[in-house]
Amino acid sequence: MADALHDEKILILDYGSQYTQLIARRVREAHAYCEIHPFSMTLEEIRAFAPRGIILSGGHQSVYDAGAPSLEEGVLELGVPVLGICYGMQLLAHTLGGRVDAAARREYGPARVRPVGESGPLLDEFFAEGEADVWMSHGDHVAQPPAGFHLVAASDNAPAAAMADESRRLYGVQFHPEVHHTPRGTWIVEAFVRRICGLQGLWTPGHFIDHVVEAIRQQVGRERVILGLSGGVDSSVAAALIHRAIGDQLTCVFVDNGLLRLHEGDQVMATFARHMGVNVVRVDAESRFLDKLAGVADPEKKRKIIGHAFIEIFEEESAKVEEARWLAQGTIYPDVIESAGAKSKVATAIKSHHNVGGLPEHMKLKLLEPLRELFKDEVRRVGEELGLPHRMVHRHPFPGPGLGVRILGEVKKASADVLRQADAIYLDELWETGHYDKISQAFAVFLPVKSVGVMGDGRTYENVIALRAVETKDFMTASAYPMPHDLLFRIANRIVNEVKGVNRVVYDITSKPPGTIEWE
């Protein structure tokens with residue numbers, strides 16, 4: 001089973017689309033393993049990877065641009081099915097002698113496609129109910145399919161919205177089946193993976209756990225492993241998975257930096273130390289972190305200070321674990337993708353709370369990353385399979401620096417205490433009313449301003465708390481969550497009445513994440 005789990009794999013060649021990771025997530029949802037690699041992957045490397053199918057992603061360039069990403073013809077001679085999406089379809093046509101033209105009208109947004117002729121195995125279920133809504137994002141389109149291809153779908157603006165060469169199992173779609181704006185798009189990805197490539201669907205949480213548990217046992221043997229447990233989804237699932245594999249050979253170090261959510265430290269200890277029997281060392285380091293953060297207001301500096309302080313403390317505690325040979329981390333697949341590719345300055349700034357440096361080389365620990373093949377949604381499903389509490393597995397992303405970046409301005413204990421209480425009320429109301437699972441991320445923010453107000457018969461001059469809630473499918477774009485007014489009023493009323501030091505609550509309705517308030 002362990003070999004078959006990874007032998008059934010799809011290769012995704014990335015041509016620069018913002019949706020490439022979504023393609024991979026849809027393939028995984030079809031219970032197939034896949035990896036994303038740059039389009040420059042050589043033919044020899046592709047042969048060595050031995051994919052059962054290949055997907056060519058979209059991209060922002062034209063196939064006629066100087067230096068445009070290309071495809072070696074040898075890839076199409078490997079005998080495995082190929083699906084081209086958007087630029088990938090145009091590249092497929094261009095490489096095989098078809099014609100790609102600039103569209104009379106560029107098309108970015110919703111469109112409707114209709115079947116043309118026989119839909120075949122890729123699109124027959126997709127068109128089972130007739131015409132379908134899709135998401136387009138292109139300036140060029142295929143004007144003449146290559147020899148051997150027939151048209152499968154068309155739209156008003158794209159006469160070749162889909163094409164197929166069934167004899168060679170080569171397919172192309174101009175639209176994006178991987179995005180949620182193409183409602184039946186998952187059917188296309190699943191049809192390609194399961195029906196055309198013939199994969200059995202072995203990529204499941206249960207099979208993954210069995211495979212990784214055995215792999216950890218073989219890697220680690222009788223050596224000891226240490227893990228920095230934050231209480232976040234990734235480190236929590238990694239801890240549970242490793243503990244299942246090697247039991248008391250695992251020691252977790254939980255650093256309480258004083259910037260955690262209300263009662264979070266106690267909850268982590270209750271879940272792992274008492275209920276699961278994991279060996280967890282809790283370090284109370286609140287004063288140490290607050291001392292280092294004194295007088296610092298810049299969010300990037302705060303991130304780096306918090307990150308470096310964690311490394312110092314973790315190194316100190318790790319030295320106390322005799323014969324530790326392995327460092328376990330909750331690295332997940334998007335982290336692997338980002339670290340493998342060139343990062344723009346913007347991307348580096350956005351993800352700076354992950355880029356605080358690694359552990360000192362003199363620690364000489366081998367790295368154990370049991371989740372490095374998984375996307376976040378897969379990590380959650382594995383956590384559920386391992387029996388972790390629903391609220392722990394499905395909690396919203398929480399940045400590594402914790403409340404340190406949700407306190408705008410200097411971080412003080414009083415501010416952290418106020419924010420902790422307000423945030424707990426906010427999230428508790430969302431859980432109790434069933435809104436929490438509908439929201440992608442919700443949190444409270446301590447603003448560096450004070451407001452004049454009247455409470456009872458007296459004038460107040462107190463702090464302001466901002467509430468944020470967004471919904472997103474991919475954590476690349478987001479829109480404000482339409483919070484019901486009665487719920488928002490109840491939350492604000494509770495915070496003002498129950499949290500001493502707050503007299504005003506505001507709700508953030510911006511649709512893009514502000515630069516100083518980030519998700520992890």
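The values are calculated or read from the model by the stated rules, or taken from the named source; none is laboratory data. Owing to the predicted nature of the structure, the values given are computational and were not obtained by experimental measurement. Using ideal geometry, Cβ is built from the backbone for each residue, glycine included, and neighbour counts are taken over all protein chains shown. Side chains are part of the model used for accessible areas, which takes the heavy atoms of the whole protein and leaves out ligands, DNA and RNA. Shrake-Rupley method; radii C 1.70, N 1.55, O 1.52, S 1.80 Å.
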| message | Condition first: assigned to a helix (DSSP H, G or I) and within 15 Å of A328 (Cβ to Cβ). Can you find one or more residues in region 172-188 that meet it? | response | no
| request: Could you list all residues from region 412-456 that are farther than 15 Å from R261 by Cβ and either open to solvent by less than 20 Å² (accessible area, probe 1.4 Å) or part of a loop (DSSP other than H, G, I, E, B) (or both)? | output: K412, T433, G434, H435, I439, S440, S451, G453, G456
| task | Filter region 9-49 for residues that are farther than 26 Å from H181 by Cβ, surrounded by 14 or more Cβ atoms within 10 Å (Cβ to Cβ) and out of contact with any helix residue (DSSP H, G or I) (no Cβ under 9 Å at 6 or more places or on another chain) and give the result. | result | none
| remark: Flagged pairs (Cβ under 6 angstrom, 6 or more apart or on separate chains; first in region 486-504, surrounded by fewer than 19 Cβ atoms within 10 Å (Cβ to Cβ); second part of a helix (DSSP H, G or I)) are R494/I425; G501/V418
| request: Select, from D165, D210, the only residue that is buried (at least 16 other Cβ atoms within 10 Å of the Cβ) and either β-branched (V, I, T) or modelled with pLDDT of 95 or more (or both). | output: D165
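Does A66 qualify as being over 17 Å from S17 (Cβ atoms), without any contact (Cβ under 8 Å) to a residue 12 or more places away in the chain and small (G, A, S)?
Values: over 17 Å from S17 (Cβ atoms): yes; without any contact (Cβ under 8 Å) to a residue 12 or more places away in the chain: yes; small (G, A, S): yes.
Spelling it out, A66 is indeed over 17 Å from S17 (Cβ atoms), without any contact (Cβ under 8 Å) to a residue 12 or more places away in the chain and small (G, A, S).
Residues in region 306-318: is at least one more than 22 Å from D234 (Cβ to Cβ) and in contact with a helix residue (DSSP H, G or I) (Cβ under 9 Å, 6 or more places away or on another chain)? It would help to see each step written out before you state the result.
Filtering region 306-318 down to residues more than 22 Å from D234 (Cβ to Cβ) leaves 316.
So of that shortlist, the ones also in contact with a helix residue (DSSP H, G or I) (Cβ under 9 Å, 6 or more places away or on another chain) come out as none.
Within region 306-318, not a single residue is more than 22 Å from D234 (Cβ to Cβ) and in contact with a helix residue (DSSP H, G or I) (Cβ under 9 Å, 6 or more places away or on another chain).
Listed residues K450, K412; which is out of contact with any strand residue (DSSP E or B) (no Cβ under 9 Å at 6 or more places or on another chain), over 30 Å from A238 (Cα atoms) and not acidic (D, E)?
K412 is the lone residue from the list that is out of contact with any strand residue (DSSP E or B) (no Cβ under 9 Å at 6 or more places or on another chain), over 30 Å from A238 (Cα atoms) and not acidic (D, E).
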| task | Hey, can you tell me all the residues within region 110-132 that are out of contact with any His (no Cβ under 8 Å at 6 or more places or on another chain), in a strand (DSSP E or B) and exposed (fewer than 15 other Cβ atoms within 10 Å of the Cβ)? | result | R112, R114
| message | If I filter region 262-282 for residues that are assigned to a loop (DSSP other than H, G, I, E, B), in contact with a Lys or Arg (Cβ under 8 Å, 6 or more places away or on another chain) and either open to solvent by 60 Å² or more (accessible area, probe 1.4 Å) or hydroxyl-bearing (S, T, Y) (or both), do I get at least one hit? | response | yes
| said: If I ask for residues that are open to solvent by less than 50 Å² (accessible area, probe 1.4 Å) and either hydroxyl-bearing (S, T, Y) or part of a loop (DSSP other than H, G, I, E, B) (or both), which ones from region 367-393 would you list? | reply: E369, P370, L371, E373, L374, F375, L386, L388
| task | Considering only residues that are without any contact (Cβ under 8 Å) to a residue 24 or more places away in the chain and in a helix (DSSP H, G or I), look in region 290-329 and name the one that is surrounded by the fewest Cβ atoms within 10 Å (Cβ to Cβ). | result | D291
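Can you pull out every residue in region 6-53 that is more than 22 Å from the chain's Cα centre (by Cα) and under 28 Å from G206 (Cα atoms)?
D7, E8, A48, F49, A50, P51, R52, G53
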| request: Find the residue count for region 139-162, including only residues that are part of a strand (DSSP E or B) and either of a type in the set (D, E, K, R) or surrounded by fewer than 24 Cβ atoms within 10 Å (Cβ to Cβ) (or both). | output: 8
| Does G74 satisfy the criteria of being more than 21 Å from L199 (Cα to Cα), over 22 Å from the mean Cα position of the chain (by Cα) and open to solvent by 50 Å² or more (accessible area, probe 1.4 Å)? | no
| query | Do we find a residue being open to solvent by less than 60 Å² (accessible area, probe 1.4 Å), farther than 16 Å from R391 by Cβ, touching a helix residue (DSSP H, G or I) at 6+ places or on another chain (Cβ under 7 Å) and in a strand (DSSP E or B) anywhere in region 228-241? | reply | yes
| Within the bounds of region 204-223, is there any residue that is outside any helix (DSSP H, G or I), touching a Pro at 6+ places or on another chain (Cβ under 6 Å) and not basic (K, R)? | no
